[in-house]
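One structure is given below, encoded as structure tokens.
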Amino acid sequence: MASIAGTCPLGALHRNSVSENNRKNSVVHYEGLRLPQRTQMPFSLTTVPSHYISASSSSRCRIIKAMASSTVAAPKREKDPKKRVVITGMGLVSVFGSDIDTFYNKLLEGESGISLIDRFDASSFSVRFGGQIRDFSSEGYIDGKNDRRLDDCWRYCIVAGKRALDDANLGQQVLDTMDKTRIGVLVGTGMGGLTAFSSGVEALIQKGYKKITPFFIPYSITNMGSALLAIDTGLMGPNYSISTACATANYCFYAAANHIRRGEADIMVVGGTEAAIMPTGVGGFIACRALSQRNEDPKKASRPWDKDRDGFVMGEGSGVLIMESLESATKRGATIIAEYLGGAITCDAHHMTDPRSDGLGVSSCITKSLEDAGVSPEEVNYVNAHATSTLAGDLAEVNAIKKVFKDTSELKMNATKSMIGHGLGAAGGLEAIATIKAITTGWVHPSINQDNLEPSVTIDTVPNVKKQHEVNVGISNSFGFGGHNSVVVFAPFRP
């Protein structure tokens, strides 16, 4: 792929932030994860005091002060039932349909959901494939009139959200007997109602402002998924959306859990949604030189950690969890699927698309998530990786994982995106469900298209075939443009 500096509008920023030596490796990679630089970790630097870390590998580097972690006692998990957060329901819309078991079974089988795009005429596009959802039905969840008006982003959100509520035995009849001010909704999106927005702009240009639909603004803005779901169900608790690119859903899980821990809500309907496989979305990522161009073999295009990877594959859908205090779940006799132990969010504070060369943003996020969860690194034996299939991003994540987990011999690490593509704002939601299903089934799905693994990837990536694996503690990583890092921690529920 071509260098961002010479071919992409972001090039001017990039040109000013990397040295000539780095520029030849500076291909654009979504989430901004570049090839790791050959720099020493801060503790071995001799040119600056040990409490300083360079924020850039360029000649005009910025120095920031960082504190070393203090010695802490052995981690302790939360025991207060008001503050313990459990998962009592899951719902999704995916390229494999809207049934949780079907979704995970297809992942276990190693089936690819990637195909040629036929939603619009993509014949003139340099990338003509993605994880496009087909045969989606909102019947029973959205009335016909609203269904025709809604952007797919919100249709996916409402269906996934209501399916999650049903899964948690929180159908409308049950909800109507509960205190709805104690139940919130937090479903984020990276792009929002992209089709609604594009259609509004097209109407303006072609026919003038009087032809813009009154739904243009409401169905474009990113908070509308949470709002519509609450309007449909009457849920009056905390309600908003978060938009942190492809880290969105994990940010939502982290924020929602904290609402519960602080006593502001008993139940939160939480996740991410996205529907960007349309001309503007695909064209925009092509312009960023971020996508695989393997048009001749789409099902082989998403291949995290494989030497022949050439970019990520767009996906779409929605993944929603019902997060609930243990006290609330116990009181209403809910079936508890798994437990959310904790999470963390950090920012690289470095560059729009490039990661920090010292890897501090990602590794510190993993460390902070384990601290929040009351978990030691030795307890973790499963990682659902962000792993987008970019040349540098995949390796950068692996290097950060190795910094935290010194012994990876018992660790399984897989890539859901190898089969469903990159769901952008929905990715963390769908991958959280995959992580929880790994916990409940005792099987981890494969990372497909592992034909020529990078030699530096020494962790078991579950190549091509599922593996039986009892998950003790699992983490799910999501990173996004802007240097947004997020990690959430799940485990089997133990009373």
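The residues of the range 321-410 expose on average 32 square angstrom of accessible surface per residue, using a 1.4 Å probe on protein heavy atoms.
Evaluate the Debye formula for the range 360-411 with equal point scatterers sitting on the alpha carbons, no solvent, and hand back log10 of I(q)/I(0) at q = 0.17, 0.27 Å⁻¹, in q order, two decimals. Scattering profile of the range 360-411, log10 relative to I(0): -0.51, -1.17.
Taking a point 7 Å from the Cα of SER376 along the Cα-to-Cβ direction, the residues of the range 464-495 with backbone N closer than 16 Å to it are 472-473. Here's the list of aspartates and glutamates a cross-link from LYS307 could span, going by alpha-carbon distance under 15 Å and ignoring same-chain residues fewer than 8 apart: ASP394, ASP451, GLU454. Compactness of the range 386-456 is given as radius of gyration and Dmax, 12.7, 32 Å, from Cα positions.
Report relative contact order for the range 276-358 in percent, whole number only (criteria: Cα-Cα under 8 Å, sequence separation at least 6).
Values: 41 pairs, mean separation 16.4, N = 83.
Value for the range 276-358: 20 percent.
Computed from backbone phi, the HN-Hα couplings of the range 141-154 come to 10, 9, 5, x, 5, 5, 4, 5, 7, 6, 5, 4, 4, 7 Hz, rounded to whole numbers (Karplus: 6.51 cos²θ - 1.76 cosθ + 1.60, θ = phi - 60°; Gly and Pro given as x).
Taken over the range 159-200, the percentage of Cα pairs per 5 Å bin, counting from 0 up to the bin with the maximum distance, is 5, 17, 20, 19, 11, 11, 11, 5, 0.
3J(HN,Hα) along the range 233-242: 10, x, 6, 10, x, x, 8, 6, 10, 10 Hz, from the Karplus curve 6.51 cos²θ - 1.76 cosθ + 1.60 with θ = phi - 60°, whole Hz, x for Gly and Pro. Both the radius of gyration and Dmax for the range 85-490 are 19.9, 63 Å, in that order, over alpha-carbon atoms. The GluC sites (Glu not before Pro) of the range 93-200 that DSSP puts in a loop, and whose beta carbon has at most 10 other beta carbons within 10 Å, are GLU139. Pairs of Cα atoms in the range 374-495 fall into 5 Å distance bins, from 0 up to the last occupied one, in shares of 2, 11, 24, 26, 22, 12, 3, 1, 0 percent. Based on protein heavy atoms only, the range 179-276 ends up with 39 Å² per residue of surface accessible to a 1.4 Å probe.
In this model, which of LYS299/LYS412; LYS83/LYS145; LYS331/LYS402; LYS300/LYS467 are farther than 31 Å apart at the alpha-carbon? Kindly include the intermediate steps, with their values, before the conclusion.
Working: LYS299/LYS412 23 Å; LYS83/LYS145 41 Å; LYS331/LYS402 41 Å; LYS300/LYS467 21 Å.
Exceeds cut-off: LYS83/LYS145; LYS331/LYS402.
Using a cutoff of 8 angstrom between alpha carbon atoms and counting only pairs six or more residues apart, the relative contact order for the range 377-472 works out to 32 percent. Rolling a 1.4 Å probe over the protein heavy atoms of the range 169-321, with every protein chain left in place, gives an accessible area that is 57 percent carbon and sulfur. In a DSSP loop and with at most 10 other Cβ atoms within 10 Å, the trypsin sites (Lys or Arg not before Pro) in the range 76-182 are LYS76, LYS79, ARG134. The range 278-297 and the range 362-434 have Cα centres separated by 25 Å.
Out of every Cα-Cα pair in the range 132-286, what percent are more than 20 Å apart? Write down the numbers at each step before the final one.
Numbers: 6131 of 11935 pairs.
For the range 132-286, the fraction of Cα-Cα distances above 20 Å is 51 percent.
Note: the range 268-401, Cα convex hull, 164 Å³ per residue.
Accessible area per residue for the range 417-494, computed on protein heavy atoms with a 1.4 Å probe, is 26 Å².
State the extension gain, in nm to one decimal, for the chain segment bounded by ASP310 and SER115, taking 0.36 nm per residue of separation less the distance between their alpha-carbons.
My answer for the length gained is 68.5 nm.
Exactly which trypsin sites (Lys or Arg not before Pro) in the range 210-279 are in a DSSP loop and have at most 11 other Cβ atoms within 10 Å?
Values: sites: LYS210, LYS211, ARG261, ARG262; in loops: ARG262.
Here the trypsin sites (Lys or Arg not before Pro) that fit, given the DSSP loop and packing criteria, are ARG262.
FRET efficiency for GLU410 and PHE215, Cβ-Cβ distance as r, R0 = 51 Å, nearest 0.05? The calculated FRET efficiency here is 0.45.
The values are calculated or read from the model by the stated rules, or taken from the named source; none is laboratory data. Everything numeric here is computed off the predicted structure, so don't read it as measured data. Cβ sites come from the backbone with ideal geometry, for glycine too, and all protein chains shown count toward neighbours. Ligands, DNA and RNA are stripped out before the accessible areas are found, and what is left, the full protein with its side chains, is counted by its heavy atoms. Shrake-Rupley method; radii C 1.70, N 1.55, O 1.52, S 1.80 Å.
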